[in-house]
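Colleague: Below you will find the structure I want to go over with you.
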Amino acid sequence: MKPTPIVLSIAAVGLSVLTACGGGGSGTNVTKAAQAHGPIKIWYSNNPDEVAWGKAAVAAWNASHPKETVSGEEIPAGKTSEEVITAAITAGTEPCLILNTAPAAVPGFQAQGGLVPLNDFPDGAKYIESRTGARASQYKSPDGKYYQLPWKSNPVMIFFNKKLFAKAGLDPKNPPLHTNAQFLDTAKKLVAAKVSKYAIYPAPTSEFFQSWFDFYPMFAAESGGKPLVADGKSQFDTPAGQSVARFWRSIYAGNLAGTEKYNGDAFADGVAAMATVGPWAVNVYKGKVDWGVVPVPTSQAMPANSIHTFSDAKNIGMYASCKNRGTAWDFTKFITSVDQDGKLLGKTGQMPMRTNLQQTYADYFAKNPAYNDFAAQADRIVEVPSIPNSVTIWQTFRDAWSRSVIFGKSDPLQELHTAATKIDGLAKHS
């Protein structure tokens with residue numbers, strides 16, 4: 001099942017540091033809490049496969065920890081998960097762990113005083129870095145601490161409909177999708193052959209996170225793995241960002257992608273012959289679409305093993321109202337162990353963020369070869385920057401992208417430059 005898209009409101013996660021005194025951590029003795037053991041509560045996502053895994057993991061833990069029992073439940077319903085978490089932090093009612101923490105929301109939760117730095121535990125940073133490898137650095141906050149444990153990723157790649165490609169006279173075994181020029185030419189052939197109304201149909205709506213599924217994967221690839229912002233400065237008003245903007249503008253200008261919201265699944269419905277997806281798509285389209293998968297294109301052909309993409313990760317956060325943090329940390333390590341990561345992979349198809357993924361779970365990937373490309377791609381992911389004003393920064397970018405690239409109301413390169421100036425100011429004063 002496709003993970004629920006992250007839907008954040010700027011008001012929900014852009015709270016100022018002034019609200020930190022209302023967070024659940026006020027009055028907590030950090031040292032004692034880090035050593036305290038006893039019952040804890042957790043929330044997991046409402047994805048059925050993750051709920052099933054979570055219930056089994058909790059049961060396995062409780063069977064051998066009768067004095068440190070874990071009670072787990074789905075994250076409460078609300079307009080968005082992030083608004084639910086924000087309200088819980090303010091009220092001091094959030095659970096110890098939330099296994100549905102969006103990296104983009106972490107800076108807001110941190111400013112609210114709602115997150116526990118995992119560096120508080122003697123082995124905190126070491127555990128994260130040894131499990132996650134070099135990718136861990138992307139999840140550090142500006143103060144150098146980890147307020148989230150990198151957990152699982154859904155690296156974005158391109159699915160294509162083999163039957164529609166064959167109908168259009170395109171090779172479904174080796175489709176010409178490696179470069180921007182090839183992709184554009186292929187898109188034109190698909191639409192001209194009328195095998196589908198559009199070649200590809202990323203959501204054209206204005207929510208800030210939508211840029212993670214059109215611009216960001218290709219920018220990550222084109223730039224060799226750069227994030228939107230690094231060291232307090234935007235990275236996209238560059239030849240790499242300009243190349244991606246020109247490519248997508250050509251797609252929209254050629255009517256090769258839709259500019260209106262599609263109420264359904266354009267790929268499953270055959271309205272589009274391609275889609276940007278993560279490994280969740282393997283199960284979603286099983287029996288519905290005869291698909292193939294390739295990395296996102298770049299301006300010049302690159303070998304697949306050097307292409308980066310967006311991570312689409314969800315992580316584990318420990319929250320400030322937690323009193324028995326020693327148990328919470330031990331349970332976090334339990335559910336991110338080799339054994340439990342393997343069970344998560346087997347149940348959900350999402351990629352645990354650990355080193356040597358394919359080698360560690362060689363039997364799984366041998367039996368489930370459809371996931372191999374995503375597993376290989378998981379070693380080269382780019383996360384949203386973990387910086388204050390994160391959501392406002394992304395919304396500023398999305399607004400510029402929508403005006404110029406999707407709707408053609410202004411020059412894309414000028415909009416990139418203007419957005420970069422605004423975002424540099426936001427990053428500098430964050």
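Colleague: Could you look through the range 52-100, keep only residues that are in contact with a strand residue (DSSP E or B) (Cβ under 6 Å, 6 or more places away or on another chain) and among the aliphatic types (A, V, I, L, M), and pick out the one that is modelled with the lowest pLDDT?
Modeller: Step by step, filter the range 52-100, then rank; the result is Ile75.
Colleague: Condition (residue is free of Cβ contacts under 8 Å to residues at least 60 places away in the same chain and either surrounded by fewer than 20 Cβ atoms within 10 Å (Cβ to Cβ) or within 20 Å of the chain's Cα centre (by Cα) (or both)) applied to the range 309-325: is it met by at least one residue?
Modeller: For the range 309-325, residues free of Cβ contacts under 8 Å to residues at least 60 places away in the same chain and either surrounded by fewer than 20 Cβ atoms within 10 Å (Cβ to Cβ) or within 20 Å of the chain's Cα centre (by Cα) (or both): absent.
Colleague: Would you please name the residue that is surrounded by the fewest Cβ atoms within 10 Å (Cβ to Cβ), looking only at residues in the range 209-228 that are of a type in the set (Phe, Trp, Tyr) and assigned to a helix (DSSP H, G or I)?
Modeller: Phe209
Colleague: Also: Under 6 Å by Cβ, and 6 or more places apart or on different chains, what pairs join a residue from the range 229-240 that is surrounded by 14 or more Cβ atoms within 10 Å (Cβ to Cβ) with one that is of a type in the set (Ser, Thr, Tyr)?
Modeller: Final answer for the pair search is Ala240/Ser223.
Colleague: Let me ask something else about it. Which residue, of Ala427, Ala328, Ala419, is touching a strand residue (DSSP E or B) at 6+ places or on another chain (Cβ under 9 Å), modelled with pLDDT under 95, of a type in the set (A, V, I, L, M) and assigned to a helix (DSSP H, G or I)?
Modeller: After ruling out the rest, the residue left standing is Ala427.
Colleague: Do the conditions hold for Val191, that is, is it of a type in the set (A, V, I, L, M, F, W, C), in contact with a Leu (Cβ under 7 Å, 6 or more places away or on another chain) and assigned to a loop (DSSP other than H, G, I, E, B)?
Modeller: Judged against the criteria, Val191 is not a match.
Colleague: Among the residues in the range 337-348, are any assigned to a loop (DSSP other than H, G, I, E, B) and within 19 Å of the chain's Cα centre (by Cα)?
Modeller: No, that holds for no residue.
Colleague: Among the residues of the range 126-169, write down those that are in a loop (DSSP other than H, G, I, E, B) and either polar (S, T, N, Q) or touching a helix residue (DSSP H, G or I) at 6+ places or on another chain (Cβ under 6 Å) (or both).
Modeller: Within the range 126-169, Ser141, Lys145, Tyr147, Gln148, Asn154, Pro155, Val156, Ala168 qualify.
Colleague: Within the range 146-180, take every residue that is touching a residue at least 12 places away in the same chain (Cβ under 8 Å) and surrounded by fewer than 17 Cβ atoms within 10 Å (Cβ to Cβ) and give me the one that is nearest to the chain's Cα centre (by Cα).
Modeller: Thr179
Colleague: Considering the range 372-396 alone, what residues qualify as being assigned by TED's automatic domain parsing to the domain that holds Gly144, touching a strand residue (DSSP E or B) at 6+ places or on another chain (Cβ under 8 Å) and assigned to a helix (DSSP H, G or I)?
Modeller: Matches in the range 372-396: Asp373, Phe374, Ala375, Gln377.
Colleague: With respect to Lys286, determine if the residue is of a type in the set (D, E, K, R), more than 19 Å from the chain's Cα centre (by Cα) and not in a helix (DSSP H, G or I).
Modeller: Against the criterion (of a type in the set (D, E, K, R), more than 19 Å from the chain's Cα centre (by Cα) and not in a helix (DSSP H, G or I)), Lys286 qualifies.
Colleague: Quick one: which of Arg398, Arg380 is buried (at least 21 other Cβ atoms within 10 Å of the Cβ), of a type in the set (D, E, K, R) and within 22 Å of the chain's Cα centre (by Cα)?
Modeller: Testing whether each residue is buried (at least 21 other Cβ atoms within 10 Å of the Cβ), of a type in the set (D, E, K, R) and within 22 Å of the chain's Cα centre (by Cα) leaves just Arg398.
Colleague: While we're on this one: Of all the residues that make up the range 401-428, how many are touching a Lys or Arg at 6+ places or on another chain (Cβ under 8 Å), surrounded by 21 or more Cβ atoms within 10 Å (Cβ to Cβ) and farther than 23 Å from Ala102 by Cα?
Modeller: Number satisfying all stated conditions: 4.
Colleague: Condition first: within 21 Å of Asn255 (Cα to Cα), free of Cβ contacts under 8 Å to residues at least 60 places away in the same chain and among the basic types (Lys, Arg). Can you find one or more residues in the range 121-128 that meet it?
Modeller: No, the range 121-128 has no match at all.
Colleague: In this structure, does Asn372 turn out to be without any contact (Cβ under 8 Å) to a residue 24 or more places away in the chain and not aliphatic (A, V, I, L, M)?
Modeller: Judged against the criteria, Asn372 is a match.
Colleague: If Ser206 passes every condition in (1) surrounded by fewer than 17 Cβ atoms within 10 Å (Cβ to Cβ); (2) assigned to a loop (DSSP other than H, G, I, E, B); (3) without any contact (Cβ under 8 Å) to a residue 60 or more places away in the chain but one, which one does it miss?
Modeller: (3)
The values are calculated or read from the model by the stated rules, or taken from the named source; none is laboratory data. These figures come from a predicted structure and were not determined experimentally. Quick reminder, even Gly has a Cβ in these numbers, built from the backbone with ideal geometry, and neighbours come from all protein chains shown.
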